[in-house]
1. Return the total of residues in the range A:60-72 being under 23 Å from C:THR324 (Cβ atoms) and within 14 Å of chain C (Cβ to nearest Cβ).
2. Which one of these is farther than 20 Å from C:ILE148 by Cα, surrounded by fewer than 19 Cβ atoms within 10 Å (Cβ to Cβ), at pLDDT 85 or above and of a type in the set (Asp, Glu): C:GLU87, C:GLU29?
3. Pairs, please: C-beta under 7 Å, at least 6 apart or cross-chain, first residue in contact (Cβ under 8 Å) with a residue 40 or more places away in the chain and in the range C:287-301, second in a loop (DSSP other than H, G, I, E, B) and surrounded by fewer than 20 Cβ atoms within 10 Å (Cβ to Cβ)?
4. When the range B:117-162 is examined, which residues are found to be of a type in the set (Lys, Arg) and farther than 20 Å from B:ASP103 by Cα?
5. Can you say whether C:SER69 is within 25 Å of B:ILE98 (Cα to Cα), among the small types (Gly, Ala, Ser) and surrounded by fewer than 24 Cβ atoms within 10 Å (Cβ to Cβ), as far as the supplied structure shows?
6. Filter the range A:19-59 down to residues that are aliphatic (A, V, I, L, M) and more than 22 Å from C:THR322 (Cα to Cα), then give me how many there are.
7. Inside the range C:128-150, can you point out the residues that are over 16 Å from B:GLY20 (Cα atoms) and at the interface with chain B (Cβ under 8 Å from one of its Cβ atoms)?
8. In the range B:66-75, is there at least one residue being within 16 Å of B:PRO8 (Cα to Cα) and of a type in the set (A, V, I, L, M, F, W, C)?
Amino acid sequence: MTDGEIKVVTPDTLLGEAMKIHDQGWRLVQICARALKDGAGNEITYSFGDDLIMAHLRLTLPCEEHVTSISHIFQTAYFYENEMHDLFGVQVDMMTVDFKGNFYKIGAETPFKK
Amino acid sequence: MAKMSKSPWVLHYDAASCNGCDIEVLACLTPVYDAERFGVINTGDPKHADIFLITGGINEQCKDVVKQLYDQMPNPKVVVAVGICACSGGVFKETYNILGGADQVVPVDVYVPGCAARPESIIDGIVKAIGILDEKKAALKEGRLDEYEAAHCKKKQQEVEA
Amino acid sequence: MSTRSIVPFGPQHPVLPEPIHLDLVIEDEKIVEAIPSIGFVHRGLESLVNKREFTEYVYVAERICGICSFLHGASYCDAVERVMQIELPGRAKYLRTIWAEMSRIHSHLLWLGLLADAFGFESLFMQAWRIREKVLDMLEASTGGRCIFSVNCVGGVLKDMDASMLKGFVQELDKMEIQVRAMEKTFLSDATVNNRLRGVGILTKQQAHELGATGPFMRASGINRDTRKLGYYAYGDLEFEPIISNDCDSYARCEVRIREIYQSFDLIRQAVAKIPDGDIAVPVKGNPDGESFVRVEQPRGEAVYYLKADGTKFIDRFRVRTPTFANIPAMLETLKGCDYADVPIMVLTIDPCISCTER
């Protein structure tokens, strides 16, 4: 992948792509969710880095659909995935460490959800 | 007994602050401002403390911590809200997770505004708190601390209304 | 077999200026596992982009953290500028570089003080903070604020520094360097300090890469990466090499940060020598539309900002991945197997900034 590239993936192809990136020796930089307008779900951006190059995988996820965690491939992903679950209500399956909604103990439920 | 106000021990807790006021609270006690030379000591133990410095607004998770720390402090005790976030919630007031200033959970005696509050004004606030600490101690001795607190509260309310 | 017990650490703890809570699973005196619990400082300020206009949000972005305040504000502006395709004037780029490096000096000295406090060396703590006040004086003289400066705006900076002020700062920094060198001797050669830091909290190069560590924490494990090498602001014109160490322990982290202070002195000198004349800001018209990723090297490591705007005066989404957020998983790993008494030092060696992390 080249610097700044954004590759669109689906929930089915996400794990395969993440695996490929991991095997090339890249690291996970961040995972970020963005709520789409009118409750159409969330757009999730996975960013990976190799030295100073950064590239992304992008996934659009309707509200009711679940996504499988990449924390079995990139150990630290559970941190971002728990955050995403608490703030955006993204349903992530099979996280290595699941805080079950207690990552941020906040009053409002999924405040970023639209 | 020597006057407690000669060497007040302060407890500092960062509620939901941005760190700005926290490092300024520490700057008060380190060289240049150095309130420690007058006997003000920063303690980590609420049971040793006389003055409670709260920085930052109160959020859902830290409100119980602040309450607990306040309850653990022995009487007489004075609470100082440092920085505009601790006074009212400040720039974060409109976010979903900030309930407001420190007075949402504990009675505040001195408000120190500023973003971040400057060391000079924090020291001013502590000096003011020392005065209140003496008054509270006298009231406690005479067994009328509750009465004093109630009157103090009323006075503050009037000030706010005015 | 010895029994396991759980000892809570934090949120209010004498060595922590900020609240974080760890449940430490210990076996005798050894840590087996550490389970974090965060969110004590969570304010939800990313949601404020929908309530503040994009030009006003700079002031909220600066308050993500009071220590790295300048770079948060500058990077937010940078993200908006990239979306709007605004090219900054050269002088503004250099001014941002100078303030960013001053913030780094202030942050690293602050950390050195807190580290000294964590291993019980009170007078060294005071020394570090005494030297730090000099940088704060310079920041106050040039911006008006000690922690939060509010000198950034979309399209440039709000304040300028004249030639005599810059010259004065360089002279002041020369004096500071002598003081830091004197203090360095204690940090790096004193036997008691060495006893507390050497061999404590090993993070191997492999672990640092896999766990996504960043900043001085990662460079102390032998990975040669510094986001400043991307050449944002004026860093492309300045000469510097990332500072690394191969020792992988707490001592290495301390050494890397001390050497980074000298590097910052040098970068400011270079920037002052090269700073061009001209405007400090360009006017901004219209609303941003598009998305951008910005990466900067903060005192604590690489921060990643994501901004998505949809053509209105309110930004749709602004996200900050701060260095401490990336460093916490690696810290939890290094805690395993260390002595209970070393926990405060271990927590401090990543230079945790909790209010950055939780936003």
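1. Here the count works out to 2.
2. It is C:GLU87.
3. Within 7 Å, the pairs are C:ASN287/C:GLY311; C:ASN287/C:THR312; C:ASN287/C:LYS313; C:ASP289/C:GLY311.
4. Step one: of the range B:117-162, the residues of a type in the set (Lys, Arg) are B:118, B:128, B:136-137, B:141, B:144, B:154-156.
Listed by number, the residues that qualify are B:ARG118, B:LYS137, B:LYS141, B:ARG144.
5. no
6. Going through the range A:19-59, the residues aliphatic (A, V, I, L, M) turn out to be A:19, A:21, A:28-29, A:31, A:33, A:35-36, A:40, A:44, A:52-55, A:57, A:59.
Add one more test, that the residue is more than 22 Å from C:THR322 (Cα to Cα), and what stays is A:19, A:21, A:36, A:40, A:59.
Number of matching residues: 5.
7. The one that is over 16 Å from B:GLY20 (Cα atoms) and at the interface with chain B (Cβ under 8 Å from one of its Cβ atoms): C:ARG130.
8. Yes, that holds for at least one residue.
The values are calculated or read from the model by the stated rules, or taken from the named source; none is laboratory data. Everything numeric here is computed off the predicted structure, so don't read it as measured data. Ideal geometry is used to build each Cβ from the backbone, glycine not excepted, and the neighbour counts take in all protein chains shown.
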